[in-house]
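Peer 1: Attaching a single structure in C-alpha cells format; questions to follow.
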Amino acid sequence: MRHQVVIIGSGPAGLLLGALLHKAGVDTIILEAKSRDYVLSRIRAGVLEQGTVDLLSHVGADARLRREGLPHEGFCLCFDGEMLRIDMKDLTGGKQVTVYGQTEVTRDLMEHRDASGAPAIYEAADVAIHDTDTGHPCVTFTKDGRSQRIDCDAVAGCDGYHGISRRTVEDRGLQTFERTYPFGWLGLLADVPPCAHELIYVAHQRGFALCSMRSHTRSRYYVQCELTEDVANWSDDRFWEELKLRVGPEVARTIVTGPSIEKSIAPLRSFVAEPLRFGRLFLAGDAAHIVPPTGAKGLNLAASDVHYLSVALAEFFAERSSAGIDHYSAHALDRIWKAERFSWSMTMLMHRFDSHSPFEQRMQAAEFAYLRSSRTARAAMAENYVGLPM
Ligand code: RFL
Ligand code: PHB
C-alpha cells in the first residue's frame, strides 16, 4: 500500500487532519488501534472555540453542529459562594464558544470521511513507524492477524498521550515539560436538563466543581476528587450530594438529578513535548501536549495543531517546498504554550490544594477579587477562553 500521509489515531486531531488534507487534495489513510464504537464511547470535551467551529465548517462537517450546537456568550465563576459572570461576547468584541460534545465532533468527522471515500483502518494492532529520517518513511501494523505495510511521504502522530508516535522519537532529542496536579476530576453524564444556561466553574473549600452540558436535555458535571479515588465508591447519590454542597444552595436548587449514563475519573496534567517534528514524523494534539481540562483547551489545541500541519503539508505536496513543514513545530508551539499557561492559571485559581498555605489561599482569593474589580482582567480571561487567534 502507498499513501501520501499516514495518520495514526482517529481522535479529533487525526480525523480533522484527514478532512483538511482531503480538501487540499492530499491522499491520507488513518490507522486506529481501537474500534469505531470504542472511540465514540469516550466522553470528553464539550466546548469548541470559534476557530475549531470554523475549521469544521471549512471541511463541510458542520451541518449537525450548526443545528444542535449551543452558542454560549458567557460563563460563570463561583468563588466561595460569590458569583462572577464572564461576559465573553462583550469582553471580546462579539466572540463566543459553542457547546457540542467531542463524541459528536468525532462522529461527524467519521461520517464525513466515509462519505469522502478516504480510507481508515480500525482495530489496527502493533502500529510501528519506521525510517522517518529518510524521505521514504513507512508504517507497519497487524490487522486480523495479518502484517501489513504502508509506504508514505509523511506520518502524522495523532495518537493521543498514550500513543506510540511520541515514544518512537523519545531517544531522539525529544524534550518534555510536565506538571501533574495532586487531584483528578470525577465526571458524571446524565440525561437531565442543565442547571443553568451557561457553564459554572466553582471554587469551594471542599474542592472544585463544574456544571456543564451537552444539550438542553443532557448535563455534564464534575467534582474535584483525590487521585486515588475509585469511581466504585461514588454512587450517583453521593455525587449529587457533593456537587450540591460545592455549588451552594442557590445553584443546588436548580440541579435536576437523575441516573448517570457515564461516570469516570480523569487525572489532571500539564505536558508539552518539543519539538513536534522529527524528519517526516509530525506530532499533533494530545500526542504532543496535555492541558488540564479547566480551560477547555485540549480539543481546541488539537484542532489548531492540525490546521497548521495541514497547511504545511499541503504546501509541501503542491509546491515541493519544505518552508511550511520546517516551521510547523515553532508555529504550533507558540499557541500551545499560551494555552498551557491559561489552562494552568485557571487550574491554580479554581482548585483546592491541600498543600496550600494560608498565603496561597489568600492569593487565590485576591486573584478572584481582581477579576471582580477589573474589566481588563476579565477581558484577558475571556480572550483566552474564546481562543487566541490561529
Ligand atoms: P485522542 O482523542 O486521545 O485520540 C487519539 C486516538 O489515537 C488512538 N491511538 C492509536 N491508534 C493507533 N495506534 C496506536 N498505537 C494508538 N494509540 C492510541 C486512540 O485510540 C485515539 O482514538 O487525541 P486527540 O485526537 O489529540 O484529541 C485530543 C482531545 O481528545 C483532548 O485534548 C480533549 O478531550 C481534552 N478535553 C477537553 N478539550 C477541550 O478542548 N474542551 C473541553 O471542554 C475538554 N474537556 C477534555 C475535557 C479531556 C478530558 N479527559 C477525560 C482527559 C474533559 C475531560 C474530562
Ligand atoms: C465538559 O463539558 O466536559 C467540559 C466543559 C468545560 C471544561 C471542561 C469540560 O472546562
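Peer 1: Residues of segment 230-280 being small (Gly, Ala, Ser) and part of a helix (DSSP H, G or I), which ones?
Peer 2: Here is the first cut: in segment 230-280, the ones small (Gly, Ala, Ser) are 232, 235, 248, 252, 258, 260, 264, 266, 270, 273, 279.
Passing the criteria: ALA232, ALA252.
Peer 1: Looking at this structure, is ASP153 charged (D, E, K, R) and open to solvent by 30 Å² or more (accessible area, probe 1.4 Å)? Talk me through it step by step, then tell me what you get.
Peer 2: On the way: charged (D, E, K, R): yes; open to solvent by 30 Å² or more (accessible area, probe 1.4 Å): no.
No; evaluated as a whole, the condition is false for this residue.
Peer 1: Among the residues that make up segment 63-86, is at least one of them in contact with a Lys or Arg (Cβ under 7 Å, 6 or more places away or on another chain), aliphatic (A, V, I, L, M), under 24 Å from PRO389 (Cβ atoms) and open to solvent by 10 Å² or more (accessible area, probe 1.4 Å)? Even if it seems obvious, please write down each step before you answer.
Peer 2: Our first condition is that a residue be in contact with a Lys or Arg (Cβ under 7 Å, 6 or more places away or on another chain); within segment 63-86, this holds for 73-74, 76, 84, 86.
Checking which are aliphatic (A, V, I, L, M) leaves us with 84, 86.
Next, only the ones that are under 24 Å from PRO389 (Cβ atoms) stay: 86.
With the extra rule that they be open to solvent by 10 Å² or more (accessible area, probe 1.4 Å), the set shrinks to none.
Within segment 63-86, none of the residues are in contact with a Lys or Arg (Cβ under 7 Å, 6 or more places away or on another chain), aliphatic (A, V, I, L, M), under 24 Å from PRO389 (Cβ atoms) and open to solvent by 10 Å² or more (accessible area, probe 1.4 Å).
Peer 1: Still on this structure, please answer the following. Can you tell me which residue among LEU276, LEU245, LEU227 is within 30 Å of ALA312 (Cβ to Cβ) and either modelled with pLDDT of 95 or more or open to solvent by 60 Å² or more (accessible area, probe 1.4 Å) (or both)?
Peer 2: Working: LEU245 fails: within 30 Å of ALA312 (Cβ to Cβ); LEU227 fails: within 30 Å of ALA312 (Cβ to Cβ).
Just a single option satisfies the conditions, and that option is LEU276.
Peer 1: Condition test on GLY11, is it at pLDDT below 95 and open to solvent by less than 20 Å² (accessible area, probe 1.4 Å)? I'd like the intermediate steps shown before the answer.
Peer 2: Numbers: at pLDDT below 95: no; open to solvent by less than 20 Å² (accessible area, probe 1.4 Å): yes.
Here the answer is no, as GLY11 does not meet what is asked.
Peer 1: Let me ask you something else. Cβ-Cβ under 9 Å, sequence separation 6+ or interchain: first residue in segment 124-148 and on the phi > 0 side of the Ramachandran plot, partner open to solvent by 50 Å² or more (accessible area, probe 1.4 Å). Which pairs?
Peer 2: Matching pairs, first to second residue: ASP126/SER147; ASP144/GLU123.
Peer 1: Still on this structure: In the set ARG179, ARG167, ARG214, ARG218, which member is surrounded by fewer than 19 Cβ atoms within 10 Å (Cβ to Cβ) and either over 23 Å from ARG269 (Cβ atoms) or in contact with a Leu (Cβ under 6 Å, 6 or more places away or on another chain) (or both)? Show your work before the answer.
Peer 2: On the way: ARG179 fails: either over 23 Å from ARG269 (Cβ atoms) or in contact with a Leu (Cβ under 6 Å, 6 or more places away or on another chain) (or both); ARG167 fails: either over 23 Å from ARG269 (Cβ atoms) or in contact with a Leu (Cβ under 6 Å, 6 or more places away or on another chain) (or both); ARG214 fails: surrounded by fewer than 19 Cβ atoms within 10 Å (Cβ to Cβ).
Answer to the selection: ARG218.
Peer 1: Consider only pairs whose beta carbons are under 9 Å apart and that are at least six residues apart or on different chains; among these, list those whose first residue lies in segment 204-216 and is on the phi > 0 side of the Ramachandran plot and whose second residue is modelled with pLDDT of 95 or more and open to solvent by less than 40 Å² (accessible area, probe 1.4 Å).
Peer 2: So the pair list comes out as GLY207/PHE183; GLY207/VAL223; GLY207/GLN224; GLY207/CYS225; GLY207/GLU242; GLY207/ARG246; GLY207/HIS351.
Peer 1: Among GLY18, GLY25, which is buried (at least 22 other Cβ atoms within 10 Å of the Cβ), more than 7 Å from ligand 1 (Cβ to nearest atom) and modelled with pLDDT of 95 or more?
Peer 2: Numbers: GLY25 fails: buried (at least 22 other Cβ atoms within 10 Å of the Cβ).
None of the others qualify; the one that does is GLY18.
Peer 1: Can you name every residue in segment 133-161 that is more than 14 Å from ligand 1 (Cβ to nearest atom) and either assigned to a strand (DSSP E or B) or within 27 Å of the chain's Cα centre (by Cα) (or both)?
Peer 2: The initial filter retains those residues of segment 133-161 that are more than 14 Å from ligand 1 (Cβ to nearest atom), namely 133-138, 144-147, 149, 151-154.
CYS138, ARG146, SER147, ARG149, ASP151, ALA154, listed by residue number.
Peer 1: Continuing with this model, one more query. Determine which single condition TYR100 fails, assuming it passes every other condition in (1) aromatic (Phe, Trp, Tyr); (2) open to solvent by 40 Å² or more (accessible area, probe 1.4 Å); (3) within 16 Å of ligand 2 (Cβ to nearest atom).
Peer 2: Evaluating TYR100 over (1) aromatic (Phe, Trp, Tyr); (2) open to solvent by 40 Å² or more (accessible area, probe 1.4 Å); (3) within 16 Å of ligand 2 (Cβ to nearest atom) leaves (2) as the failure.
The values are calculated or read from the model by the stated rules, or taken from the named source; none is laboratory data. This one's a predicted model, so the numbers in the text were calculated from it and none came from an experiment. Reconstructed Cβ throughout: ideal geometry from the backbone, glycine too, with neighbour counts over all protein chains shown. Calculation scope for accessible area: heavy atoms of the full protein, side chains included, ligands and nucleic acids excluded. Shrake-Rupley method; radii C 1.70, N 1.55, O 1.52, S 1.80 Å.
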